[in-house]
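Asker: I'd like to ask some things about the structure below.
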Amino acid sequence: MLKRTNTGSSPADRLQTERIDLERFDEPVYVTRPYLPPFDEFVDGLKEMWGNHWLTNNGPVLKRYASLLGRHFGTDNVCLFNNGTLALQLGLQGMGISGEVITTPFTFVATTHALFWCKIRPVFVDIEPDYFTLDPEKVEAAITPWTSAILAVHVFGYPCRVKELADIARRHKLTLIYDAAHAFGVEVGGKSIAHYGDMSMFSFHATKLYHSMEGGMLVFRDAGLKQTFDYLRNFGFRNEVEVVMPGTNAKMMEMQALMGTLVLRHIGELTSKGQAIEAIYRERLADVPGIRIPPPLPPEIRYNYGYVPVEVDEADFGMSRDRLYEELRKLNVHARRYFYPLVPDFACYQNVQTRDPLTVARRVAERILTLPTYSGISAETVERICLYVGEIRARAGTRA
Ligand code: T4K
């Protein structure tokens, strides 16, 4: 229950005059929670698995799931993996990418790890300020004779500038790969985001809007790659006695495929719920000085509402992003600083030379805070988080 002490009269000066008790949430409010389909549906699926006596290695549930996703994306060129990281790594390996790849510093570290495991040198260039995706001009400026590909990330599900990147890739004969880990369900110009570039990787991790507990998928343009990806995820086996390449074990198992199948039935509701949550944040935080939500997306983009990232401007908010993060934690609200620190600042990548000063990425990484959103969160909880952010700001202002 929220307690308010009204010391002012007009709604306009409510934030300044109406004090709100910052009462800790009884239960933790996490940045996300996986959607769980009706338990009975899962049990029915388990019964089928028990009947099949088949748990992994290209079983019937996985095969059916792969066809379902193929129909969903309108292509046979899909391959499923046990997680998104290995999907991306094996995707790069299977496409024979080498040398230098131009990529973003503002991402989950797995994007860069996938390059590392393929012995590819990451070349980090800056991002754009509105939606945090790669800046095409910076990409073009970083191309060298050793550049083989661009690895861009639709971070938070915000589409990269796909047309400009495609144009650069075409003119410089580069492979264009997207880490679409956050972008399931996103469309640009009426077309799934999966159909831009030469290959896209989707993560189906439990923390994603759409998930299969753990899981990953590649969607690719060249049908010839399918066989290679199938080999790579299953030790390189062609048959019982032939190993045609040094593959690994990256197979999706039946239980994951079952979860993915069931969650897919509910993807429409999940997106609508996310949209409603985002609308509350957008409206309620609009007048809080120092909090910036990315602008509404242009009409040709259909967004999936999987994340609500905001930027905290310390001067206007009256405290740093890190202080706000800590204050919210005290109230049992576990927002996350996705993606801070920047990948090149992690110890294992500090020796990677970066010519671009990454000015925008550094500023964004210092300010970013990803707020809780998931299908099970109530509108009341979101309203309360917004009021708390406003109140924390008002108190910071009072102290200043
Ligand atoms: N590329 C990009 C751009 C990515 O963002 C990712 C993954 C990848 C590639 C690699 O894809 P995968 O190999 O993961 O398929 C999480 C996820 O583990 C990771 O998948 C995701 N990106 C990244 C952005 O976030 P953490 O370390 O922040 O997760 P964790 O365990 O702290 O979970 C966040 C919150 O979610 C928890 O505070 C509570 C809640 N939660 C989590 C789990 C796992 C639940 O309520 N239930 C759960 O089962 O990395």
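Asker: Antiparallel DSSP bridges in region 39-264: what percent, to the nearest 5?
Answerer: DSSP beta bridges in region 39-264 are roughly 50 percent antiparallel.
Asker: Something else: Would you please give the residues with an amide H less than 5 Å from that of Gly99, counting only those at least 5 places away or on a separate chain, with H modeled from the backbone geometry?
Answerer: Arg121
Asker: Show the residues, 5+ positions off or on another chain, whose built amide H is closer than 5 Å to the amide H of Thr175.
Answerer: Ala149, Ile150
Asker: Starting with the highest mean, order 237-246, 369-378 by the number of other Cβ atoms within 10 Å, averaged over the residues of each peptide.
Answerer: Top of the packing list down: 369-378, 237-246.
Asker: Here's another thing I want to ask about it. Might you tell me the accessible area per residue for region 39-264, computed with a 1.4 Å probe and given in Å²?
Answerer: Per-residue accessible area for region 39-264 comes out at 41 Å².
Asker: Continuing with the same structure: Looking at the square roots a ≥ b ≥ c of the eigenvalues of the Cα gyration tensor of region 193-295, which shape do they give, rounded for a/c under 1.5, prolate if a/b is larger than b/c, or oblate?
Answerer: prolate
Asker: Still on this structure, please answer the following. What lysines sit close enough to Lys251 to cross-link, taking a C-alpha to C-alpha distance under 23 Å and skipping anything fewer than 8 places away on the same chain?
Answerer: Lys47, Lys63, Lys119, Lys208, Lys226
Asker: Placing unit charges on C-beta atoms (Lys and Arg positive, Asp and Glu negative, everything else neutral), compute the dipole magnitude of region 28-164 about its Cα centre in debye, rounded to 20.
Answerer: Around 400 debye, computed over region 28-164.
Asker: Under a Cβ-Cβ cut-off of 10 Å, what is the net charge of the residues other than Asp135 that fall near it, where Lys and Arg count +1 and Asp and Glu count -1?
Answerer: With Lys, Arg at +1 and Asp, Glu at -1, the neighbours total -4.
Asker: Which of the aspartates and glutamates could be linked to Lys138 by a straight reach, that is with a Cα gap under 12 Å, when you skip same-chain ones fewer than 8 residues away?
Answerer: Straight-line reach from Lys138, under 12 Å: Asp126, Glu128, Glu164, Asp356.
Asker: Please figure out what share of the DSSP beta bridges in the chain is antiparallel and state it in percent, rounded to the nearest 5.
Answerer: 60
Asker: Mind giving me the nanometre distance, one decimal, between the label points for Ser67 and Asp130, set 7 Å out from Cα along Cα→Cβ?
Answerer: 4.3
Asker: Oh, and also: Suppose R0 equals 60 Å. What FRET efficiency, 1/(1 + (r/R0)^6) with r the Cβ-Cβ distance, do Arg395 and Leu46 give to the nearest 0.05?
Answerer: 0.75
Asker: For the chain, give the magnitude of the charge dipole about the Cα centre (Cβ charges: +1 Lys/Arg, -1 Asp/Glu; no others), in debye to the nearest 20.
Answerer: 220
Asker: Shifting gears a bit: What accessible area per residue, rounded to a whole number of Å², is obtained for region 291-359 using a probe radius of 1.4 Å?
Answerer: That works out to 50 Å² per residue.
Asker: 7 Å from Cα along Cα→Cβ at both Asn351 and Gln275: what's the point-to-point distance in nm?
Answerer: Taking the two extended label points, one gets 5.0 nm.
Asker: To the nearest 10 degrees, how steep is helix 39-52 against the longest Cα principal axis of the chain, on a 0 to 90 scale?
Answerer: 20
Asker: So what's the gap between the Cα centers of region 312-342 and region 86-148, to the nearest angstrom?
Answerer: 28
Asker: Using alpha carbons only, how many angstrom separate the centre of region 151-211 from the centre of region 58-78?
Answerer: Centre-to-centre (Cα) distance: 19 Å.
Asker: Of Ser203, Pro60, Ser98, which is farthest on the positive side of the dipole of the chain, counting Cα position, with +1 on Lys and Arg Cβ, -1 on Asp and Glu Cβ, and the Cα centre as origin?
Answerer: Ser98
Asker: While we're on this one: Measure off, as a whole percent, the carbon and sulfur share of the 1.4 Å-probe accessible area of region 39-264, all protein chains present.
Answerer: On region 39-264, the fraction of accessible area on carbon and sulfur atoms equals 57 percent.
Asker: Same structure, new question: Based on alpha-carbon positions alone, could you give the equivalent ellipsoid semi-axes of region 271-377 from the gyration tensor, as √(5λ), descending, whole Å?
Answerer: Each semi-axis is √(5λ); the values are 26, 18, 15 Å.
Asker: Find out how many positive minus negative residues lie around Gly59, taking Lys and Arg as positive, Asp and Glu as negative, among other residues whose Cβ is under 15 Å from that of Gly59.
Answerer: +2
Asker: Using the Cβ atoms and a cut-off under 15 Å, what net charge is assigned to the surroundings of Glu187, where Lys and Arg are +1 and Asp and Glu are -1?
Answerer: +2
Asker: Moving on to the next point. Would you work out which of His266, Thr359, Ser192 lies farthest towards the positive end of the dipole of the chain? Charges go on Cβ: Lys and Arg +1, Asp and Glu -1.
Answerer: Thr359
Asker: How would you classify the chain from its alpha-carbon gyration tensor, with a ≥ b ≥ c the square roots of the eigenvalues: rounded for a/c under 1.5, else prolate if a/b is greater than b/c, otherwise oblate?
Answerer: Oblate, because a/c is 1.5 or more while a/b does not exceed b/c.
Asker: What are the ³J(HN,Hα) values, in whole Hz, obtained from phi via the Karplus relation 6.51 cos²θ - 1.76 cosθ + 1.60 with θ = phi - 60°, for each residue of region 222-232 in sequence order, with x given for Gly and Pro?
Answerer: Once θ is set to phi - 60°, the couplings for region 222-232 become 8, 4, x, 6, 4, 4, 4, 5, 4, 5, 4 Hz.
Asker: Also, I was wondering about something else. Using R₀ = 45 Å, calculate the FRET efficiency as 1/(1 + (r/R₀)^6) where r is the Cβ-Cβ separation of Val243 and Arg33; round to 0.05.
Answerer: Here the calculated transfer efficiency is 0.65.
Asker: 5 Å is the cut-off here: which amide hydrogens, built 1.01 Å from N in the peptide plane, fall below it relative to His334, excluding neighbours closer than 5 in sequence?
Answerer: Val29, Tyr30, Val31
Asker: Pop the C-beta distance of Asp313 and His195 into the FRET formula with R0 = 45 Å and round what comes out to the nearest 0.05.
Answerer: About 0.75, to the nearest 0.05.
Asker: Name the shape class, rounded, prolate or oblate, that the alpha-carbon gyration tensor gives for region 114-261, where a ≥ b ≥ c are the square roots of its eigenvalues, rounded holds for a/c under 1.5, and otherwise prolate holds if a/b is larger than b/c and oblate otherwise.
Answerer: Verdict is oblate for region 114-261.
Asker: Continuing with the same structure: Could you sort the peptides 169-181, 354-366 by per-residue average Cβ neighbour count (10 Å cutoff), highest mean leading?
Answerer: Answer by packing, highest mean first, reads 169-181, 354-366.
The values are calculated or read from the model by the stated rules, or taken from the named source; none is laboratory data. Model, not experiment: these values are computed from the prediction. Cβ coordinates were reconstructed from backbone atoms using ideal geometry, including for glycine residues, and neighbour counts include every protein chain displayed. The accessibility values were calculated without ligands, DNA or RNA, using every heavy atom of the protein model including side chains. Shrake-Rupley method; radii C 1.70, N 1.55, O 1.52, S 1.80 Å.
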